1. How do A:487-495, A:414-422, A:555-563, A:10-18 rank on mean C-beta neighbours within 10 Å, highest first?
2. Counting only other chains, what is the mean number of Cβ atoms within 10 angstrom of the Cβ of each residue in peptide A:479-486?
3. Under a plain spin-label model, where a point goes 7 Å from the Cα along Cα-to-Cβ, how far apart in nm are A:Ala308 and A:Glu73?
4. Highest mean first, what order results for A:30-41, A:364-375 on Cβ atoms within 10 Å?
5. If the cut-off is a Cα-Cα distance under 18 Å, which lysines reach A:Lys461, setting aside same-chain residues fewer than 8 apart in sequence?
6. With a 10 Å Cβ neighbour count serving as the proxy for reagent exposure, in which order, fewest first, do A:Arg324, A:Arg425 appear?
7. Give me the percent relative contact order of chain A, please, defined on Cα pairs under 8 angstrom at least 6 residues apart.
8. Please give the peptides A:332-339, A:145-152, A:508-515 ranked by average Cβ packing (other Cβ atoms within 10 Å per residue), highest first, as a rough proxy for protection.
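Just so it is clear, none of the values below were taken in a lab; they were calculated from the coordinates. None of these values were measured; they are calculated from a predicted model. Here the Cβ positions follow ideal geometry from the backbone for every residue, glycine too, while neighbour counts run over all protein chains shown.
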Amino acid sequence: MDEILDGLTQIDCDILVIGGGTAGPMAALKAKKKNPEANVVLLDKANVKRSGAISMGMDGLNNSVIPGYATPEQYTKEITIANDGICDQAAVYRYAEECYGIIQELDSFGIRFQKDQNGEYDVKKVHHIGTYVLPMPNGDTVKKALYRQLRKARINIVNRYMATRLLTGEGRVAGAICVNTRTAEFLVVRAKAVIMGLGAAGRLGLPTSGYLYGTYENASNSGEGYAMAYHAGAGLANLECYQINPLIKDYNGPACAYVAGPLGGYTANAAGERFIECDYWSGQMMQEFYDELQGGKGPVFLKLNHLAEETVAEIERVLHIVERPTRGHFHAGRGTDYRKTMIEMHISEIGFCSGHSASGVFVDENARTTIAGLYAAGDMANVPHNYMLGAFTHGAFAGEDAADYIKDMDFAEFDHAEVEAERLRVLAPTKRDDGIPPNQIEYKTRRLVNDYLQPPKVTAKMQLAQKRFAEVREDMEQGMYVRDAHELMRSLEASTILDCADMAAAASLYRTESRWGLYHNRVEYERDDENWFCHTILTKGADGQPAHAKKAVQPYVVDIADEEKDAYYNQRVDPSVAAE
Amino acid sequence: MPLAQTATSVPVTVNKDLCIADKGCTVCVDVCPLDVLRIAVTDDGTKTAYMKYDECWYCMPCEADCPTGAVTVNLPYLLK
Ligand SMILES: Cc1cc2nc3c(=O)[nH]c(=O)nc-3n(C[C@H](O)[C@H](O)[C@H](O)COP(=O)(O)OP(=O)(O)OC[C@H]3O[C@@H](n4cnc5c(N)ncnc54)[C@H](O)[C@@H]3O)c2cc1C
Ligand code: SF4
Ligand code: SF4
């Protein structure tokens, strides 16, 4: 295994789904259900059985809109406010209306959701305004249940192929170029429609541990979704709205205030005092978190040591078996007992991820990108705060729309020179006798991302970042060296990460205002609704560099009253109340 | 620029006595999202799984899915 082989195969399918994590499998299932004749291929860099953010399961649904607890209007309003108004509500509203149906479908797959004594869904309040968090008592089984459905529906699964570029022609999508991660052989997939669910750009910033794979996101999500969309000419929205999360320090996994919060846990400063009213992740909350850390009252902690034994035991039970089960090992290794000590937290590295913020490939309420026949769903599409249920639901929208789109559609012609050019690009590091290994290219890029792009954002620093990135790019293109197919995969990821770093810098420089709390805190600029109440769309310009445009926010479906607009900026606990 | 041989300790260990790679098992290699596990032939000629690349998300599918309980996931030293 891992020996570099020379080979190229071409296959055809009706719908190619790239990424078999969360959104992808649901897209494939829905497409096949709507059009059983369609040949649907689900392709993943890893193994669909255990790939993606939900690889080991999930604690719960963070954003369910369940009749009796919340309405689509309330949810749409909350997400709009949390995003400082920059939100095309149609996609959020449609999600809010249809996600309940998806919950019932997941239920029918064998995934259970917490119910109270009356058999009603036991939804918890974590957000600033509404109630949307639904625990999953057997959350560890999510991926297995999904995989069973894929097998049952006879979806063609192709594992261990990494998509590197999209193919386009006749003004629409034509397929994708993929590379086997264990043999370096090429697979060209011609498809009438392509659905992307490649997850977040999770390896953009460097975790403070310095370990390249110690990321918040599943580290196999290196951001190819963003890079491929960019090189194909699709629009990407609001990339400057970074993902930054409050995490367990060093471990870099969620502290899980969403689990602990409803049971009485909360985020506290070093004195054990609560300083934010709401532990729901948003840019405004992260700004308060940052201020507390910088203001001399840190470190910041998750506080559970005031809770009753049964409650702590319950929290441990959930947190130590599902989602990031090594969390228990980590605490044991350091002798941290939730009953006695608070759990130290910190601020994560930056990334792109609409699952938690809003940066992503631009899509509408049908998950269509700006390229005909190309769809995106989940963490890489720009529907804000979409989380797992959003990935499932928008994946479903993409699959259903694509099933209609391919009817009476033939393959688009593409330029075969593109495949040849991609082969040269991909294999270049295999043609050298020595040089710089991908891990060093990646480390340097990500270290520079931390040095220069992490908020608070400063113009001169971001411009320096661009210079340094150009130097690293030169080194990468002229000198990167790999010894086997596995390292070749890493070299392709290094190139993706550099593309994302360039996009992050360019997008952040373009929006000359501050917005979304810490996510786009540009110290030289105030918020400026007059000029910047809009999306920013980044595309690949004719010169091969990022180009930018403003795009109007679509008229709201749900009105927001003036006095509600800034609700997310009123999170700090009033000191006079905190002292009581 | 020739490459150096810098050592790193790997977080995932496999108990050779429990591993049944010799009987054809490759489960941990198959499920790992980072694709960092491989099968090696040991000194006594039997096969065993091992961590070849230090690129681990400490996520645990390898440990959870191993049929014999041979895999242990520790935290990478840099962050433990
Ligand atoms: C640690 C953690 C905890 C979370 N907890 C919760 C929670 O409790 N509740 C909740 O609602 N949400 C939670 N989320 C968010 C939620 O899990 C994600 O929003 C959602 O799963 C994203 O789905 P996705 O399909 O976009 O990405 P993923 O599920 O990550 O899938 C992406 C897939 O793309 C594949 N891929 C990547 N690159 C390529 C390539 N080049 N070629 C081919 N395939 C590729 C990957 O292997 C992967 O299978 C959490 C996220 C994380 C990381
Ligand atoms: S899954 Fe377990 S038994 Fe199978 S190869 Fe891996 S370590 Fe060995
Ligand atoms: S813990 Fe996860 S990344 Fe590490 S070897 Fe096991 S499956 Fe692979």
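1. Per-residue mean Cβ counts within 10 Å order the peptides as A:487-495, A:10-18, A:414-422, A:555-563.
2. For this peptide, the per-residue mean of nearby foreign Cβ atoms is 2.
3. Between A:Ala308 and A:Glu73, the label points sit 3.8 nm apart.
4. Going from most to least packed, we get A:364-375, A:30-41.
5. Output for A:Lys461: A:Lys444.
6. Fewest to most other Cβ atoms nearby, the residues stand as A:Arg425, A:Arg324.
7. Numbers: 1351 pairs, mean separation 122.2, N = 580.
Rounded, it is 21 percent for chain A.
8. Details: A:332-339: 13.9, A:145-152: 16.8, A:508-515: 20.4.
Taking the mean over residues of other Cβ atoms within 10 Å, the ranking is A:508-515, A:145-152, A:332-339.
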